[in-house]
1. Out of all DSSP beta bridges in the range 2-151, what portion is antiparallel? Express it as a percent rounded to 5.
2. Taking a cut-off of 24 Å between Cα atoms, list the lysines near Lys287, but don't count ones fewer than 8 places away on the same chain.
3. Taking the range 121-212, how much of its Cα-Cα pair set, in percent, is spaced more than 16 angstrom apart?
4. Filter the trypsin sites (Lys or Arg not before Pro) in the range 60-104 to those in DSSP coil with at most 15 other Cβ atoms within 10 Å of their Cβ, and list the result.
5. Report, in degrees rounded to the nearest 10, the 0 to 90 angle that the Cα long axis of helix 129-139 makes with the longest principal axis of the chain.
6. What whole-number distance in Å separates the alpha-carbon centres of the range 162-182 and the range 225-302?
7. Counting only GluC sites (Glu not before Pro) that are in a DSSP loop and have at most 11 other C-beta atoms within 10 Å, tell me the longest site-free stretch of the chain.
8. So for the range 74-182, considering every pair of alpha-carbon atoms, how many percent are separated by more than 18 Å?
Amino acid sequence: MQHITNVTDIQLHDTAVALGKFDGFHRGHQLLIQQLMLWQEQGMTGVIFTFAPAGERIGSAKLIDSRTEKIYKAEKTGVDILLEYPFTKEFASLEPEAFVTEILIKQLGVQAVAIGRDFRFGKNRAGDAETLVELGKKYGFQVRVFDKLKEKQEEISSSAIRNAIMNGQMKLTASYMGKSYSIYGEVVHGQGLGHTIGIPTTNQLISEEKLVPPFGVYVARILWKNQEYYGIANLGCKPTVSKGDVLGLETYIFDFQQEIYGEWIEVELLEFIRPEQKFDTVEALLKQIKSDIKFTKIYHRI
């Protein structure tokens with residue numbers, strides 16, 4: 001996948017474009033991606049058009065995916081290009097028709113566009129799906145508009161997914177997203193306590209921009225080099241052994257002996273087991289971890 005962030009001299013031709021924030025790449029987004037892939041098969045150049053930095057970092061709301069995770073997920077789609085368009089004051093001031101003529105037509109050479117029904121664009125969000133359909137007819141490109149999907153009578157949206165994440169509803173989150181909530185990041189060195197007590201763990205730091213579920217211990221599935229592993233993961237600040245407030249994910253991977261410092265792994269949080277807590281002793285912590293492991297192995301039937 002080509003990743004474009006510098007748009008000064010961008011000049012593409014015969015593109016099929018999916019427009020949106022693409023925060024989480026949830027099931028609604030996946031419909032747009034599927035349409036892009038169909039257009040790519042017809043010879044067009046597929047473009048995921050979103051904004052830089054990650055998603056829309058204009059308000060204070062945290063993101064389902066960090067920017068790194070967003071790029072990682074985009075690369076897995078099979079689409080030709082990820083375009084992160086800088087959300088500058090100049091960009092925000094473009095009228096809807098100017099966005100179409102100056103960016104979609106002149107810079108991208110657009111032939112087809114896929115959007116969700118609630119997509120808004122242009123100055124003061126004045127343009128909507130109907131606006132884009134009419135502009136498509138005027139300038140000669142096709143527009144495919146997708147209605148929102150529903151899960152148990154609730155519309156699937158990034159807002160609904162955020163609520164499920166914040167409430168620790170990991171199965172509901174997965175049903176909305178079409179994939180389990182996950183944390184993707186580099187394995188860094190921790191304090192080494194896990195090795196000392198016979199339960200070695202991987203440690204990942206979590207971006208401040210990322211929305212996380214309640215602190216605690218989770219049933220986990222780990223993806224590394226196209227292999228799948230199981231384990232338990234602790235999300236939080238490790239109150240028993242640390243005085244710091246650095247947010248991280250510490251994962252014990254079952255039957256795993258590899259040294260993977262510096263490697264990038266994806267850890268899916270499947271089920272909340274218990275809240276993060278401070279133990280009086282390391283022995284008490286170890287006893288609880290063994291109980292968590294037992295629960296998780298029953299969960300996975302291993």
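Values in this text are rule-based calculations from the coordinates and carry no lab data. Every value quoted in this text rests on a predicted model; they were computed, and no experiment measured them. Note that each Cβ is placed from the backbone with ideal geometry, even for glycine, and that neighbours are counted across all protein chains shown.
1. Values: 1 of 24 bridges.
Around 5 percent of the beta bridges assigned by DSSP in the range 2-151 are antiparallel ones.
2. Lys238, Lys243, Lys278, Lys297
3. Details: 3031 of 4186 pairs.
Counting every Cα pair in the range 121-212, those more than 16 Å apart make up 72 percent.
4. Working: sites: Lys62, Arg67, Lys70, Lys73, Lys76, Lys89; in loops: Lys62, Lys76.
For trypsin sites (Lys or Arg not before Pro) across the range 60-104 that sit outside H, G, I, E and B with at most 15 neighbouring Cβ atoms in 10 Å, the list reads Lys76.
5. Result, in degrees: 40.
6. That distance is 19 Å.
7. On the way: sites that count: Glu208, Glu259.
In short, 1-207.
8. Values: 3594 of 5886 pairs.
I get 61 percent for the Cα pairs in the range 74-182 exceeding 18 Å.
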